[in-house]
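Input: a single structure, listed below in structure tokens.
The values are calculated or read from the model by the stated rules, or taken from the named source; none is laboratory data. What you see is a predicted model, and the numbers here were worked out from it, not measured in a lab. As a convention, Cβ positions derive from the backbone with ideal geometry for all residues, glycine included, and neighbour counts pool all protein chains shown. What goes into the accessible areas is simple: the full protein's heavy atoms, side chains included, and nothing from ligands, DNA or RNA. Shrake-Rupley method; radii C 1.70, N 1.55, O 1.52, S 1.80 Å.
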Amino acid sequence: DKEAAVPMNSFFGLEMGRRALNYFRQGMETAGHNISNADVEGDSRQRVEASTADPYTVPALNSPATAGQIGTGVQVDAITRLRDAFLDIQFREETTVKGYWEQIERALTTLEVYVNEPAGSGFKASLDEYWTSLQELQKRPDSSAVREELVEKTKNLSVYLDQLVRNYDEYRTAMNQEVKLMVEESNALIDQIAALNVTIAQVQATGGNPNDLLDRRDLLVEKLSKFLDISVNPSCLEGDGEFKIDLNGKLL
């Protein structure tokens, strides 16, 4: 009869239950991973992608006679990151712009402190006092008090300008040292990204999904975009499937 033609045993239902338990177990483990890394910088939320397992049986000339295909339960296809490659590209571009203007703002803020402007009694006040003394001397050139006041204001302005020049020289030296450190940090980030590319490619070649490594690489790229005006081409946009970073049109 037809029932005798179906080569199914008593473990068919148990296997379906095992697959269901495995799916829910991986779902709970993934949820736990998401919760435990909620405050970790650069971590992306992950999700279990599942689908129905291949039904029994696949249509063929030698398939056993059944009333129809029988479902065999659920199967886990992959654990994927919930990220948008297009939004990542936009975010990195804006991060580069933000990093540039942050450096400009920091430099101008430091210069404002040195000249004590626009608020406070700084360079403008000293220069105004000097010009006021010159005008007063023009009105009363014979007054010794006016001449002495002009000499005093000239000394004050000279001392202030001398201090200003020294502050600028020190700040220039500090900025050059900072640039050197930023170059070294950028090179270190580039080396780390290159090493991660190798490891990620090895994992993906074996059919794995290196979500945590991808998160780490994205975080390093975001940090690099604060220092350099880079263009990032993710694997999904490259024909060869490689993750590429360009700097001024040159491949890093």
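Observations, loosely collected:
- Residues located in region 131-158, provided they are in contact with a Leu (Cβ under 8 Å, 6 or more places away or on another chain) and within 23 Å of Asp169 (Cβ to Cβ): Leu157
- When each of Asp84, Asp88, Asp142 is tested for being among the acidic types (Asp, Glu), out of contact with any strand residue (DSSP E or B) (no Cβ under 9 Å at 6 or more places or on another chain) and within 30 Å of Tyr23 (Cβ to Cβ), the lone residue that passes is Asp84.
- Residues of region 33-69 that are of a type outside the set (Phe, Trp, Tyr), modelled with pLDDT under 80, touching a strand residue (DSSP E or B) at 6+ places or on another chain (Cβ under 7 Å) and open to solvent by less than 60 Å² (accessible area, probe 1.4 Å): none at all.
- Scanning region 213-252 for residues that are open to solvent by 80 Å² or more (accessible area, probe 1.4 Å) and either part of a helix (DSSP H, G or I) or of a type outside the set (A, V, I, L, M) (or both) yields Arg216, Lys226, Asp229, Cys236, Leu237, Gly239, Asp240, Glu242, Asn248, Lys250.
- Restricting attention to region 118-156, the residues that are closer than 22 Å to Leu108 by Cα and either of a type in the set (A, V, I, L, M, F, W, C) or open to solvent by 80 Å² or more (accessible area, probe 1.4 Å) (or both) total 7.
- Candidate set: region 157-181, residues that are closer than 20 Å to Asn116 by Cβ and among the polar types (S, T, N, Q); chosen: the one least open to solvent (accessible area, probe 1.4 Å): Asn167
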